[in-house]
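Novice: Below you'll find the structure I mean.
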Amino acid sequence: MTNSQNLLELENATVAFGGFLAVSGLDFCVTKGELRCLIGPNGAGKTTALDLICGKTPISSGMIRFEGRPIDHLKEYQISRIGIGRKFQVPSVFRELTVRENLRIGNSRDPGVFGNLWRFGGKTEEPERLAELVGLQDELETAAAHLSHGQTQWLEIALILAQDPALILMDEPTAGMTGQETRKTADLFNRLRGQHTLMVVEHDMGFVRDIAETISVMHQGKLLAEGTLEEISADEAVREAYLGSGGIGHA
Ligand SMILES: Nc1ncnc2c1ncn2[C@@H]1O[C@H](COP(=O)(O)OP(=O)(O)O)[C@@H](O)[C@H]1O
Ligand SMILES: [Mg+2]
């Protein structure tokens, strides 16, 4: 299954919490430049899968490769340094600082970022350009504390983009957003498409519909199905997995 096009490969990846397998023999690949959506009912193991990839949760067995090299033995900060960026559900922007100042300083989660913000790829990302990319060009002098929920999420996304990671992982980026903010976020993801490799865990099927190429469906820690929205919507096993949660459209 090793393929030079694969940026990320999970092979039989398993995470056990005591006797419980939150991720169970997961085989999963992401190709360079793609925008992959990961969906699945509550408790399917999606967040744990992201935690596993970014080194927050140790692997119990199996293997993870990034750019062809095993990374499952690396610590979280090392994985961040080799180019895997993670957006968490709770943003960690500096609330007292302006958008411009936040974009200058970078992301506080990785102490290595201080003083060395532009180390990835040597691509200098100006605050103005980043702000424009995420739709915050008119808020550069606004304190982060005064941004709306959606704007705060976009700032957090811009902070990750500032580091230009080869792979960006996002866990429910539209959670808590208004419909309009969600649509703007879909536009943003469509602009990022092809420029970055993105793996997005998402609940909102309207949003998934707007951005999706390939969708992977997890259920009970395993990969249940993979394909276009049409394909997975027609998949009997997927329908069954979503029974009781109101169907795939209401996941
Ligand atoms: N630290 C943990 N210890 C024990 N069980 C956990 C832990 N984290 C997650 N789980 C369990 O693992 C399963 C998968 O959780 P999670 O990855 O958060 O699912 P999802 O993001 O798909 O909703 C759930 O049953 C959850 O209760
Ligand atoms: Mg989750």
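Taken together, the values in this text are just the output of simple stated rules run on the coordinates, not laboratory data. Remember, it's a predicted structure, so these values are computed and weren't measured experimentally.
Novice: Taking the range 57-106, how much of its Cα-Cα pair set, in percent, is spaced more than 16 angstrom apart?
Specialist: 57
Novice: What span do the alpha-carbon atoms of the range 139-251 cover on each of the three principal axes, reported in whole Å from largest to smallest?
Specialist: 51, 29, 23
Novice: Got the relative contact order for the chain handy, in percent, Cα pairs under 8 Å and 6 or more residues apart?
Specialist: Values: 486 pairs, mean separation 64.5, N = 251.
Relative contact order comes out at 26 percent.
Novice: Still on this model: Can you give the Rg/Rh ratio of the range 169-212, where Rg is from the C-alpha atoms and Rh is the Kirkwood radius? Display every interim value, and only then the final one.
Specialist: Numbers: Rg = 9.6 Å, Rh = 10.5 Å.
A ratio of 0.92.
Novice: Would you look at the GNM of the chain, springs on alpha carbons closer than 10 Å, and say which of 235, 164, 72 moves the most?
Specialist: 235
Novice: Hey, any idea what the orientation-averaged projected area of the convex hull of the chain's Cα atoms comes to, in nm²? Show your work: numbers first, answer last.
Specialist: Numbers: hull surface 52.6 nm².
Average of the hull's projected areas for the chain equals 13.2 nm².
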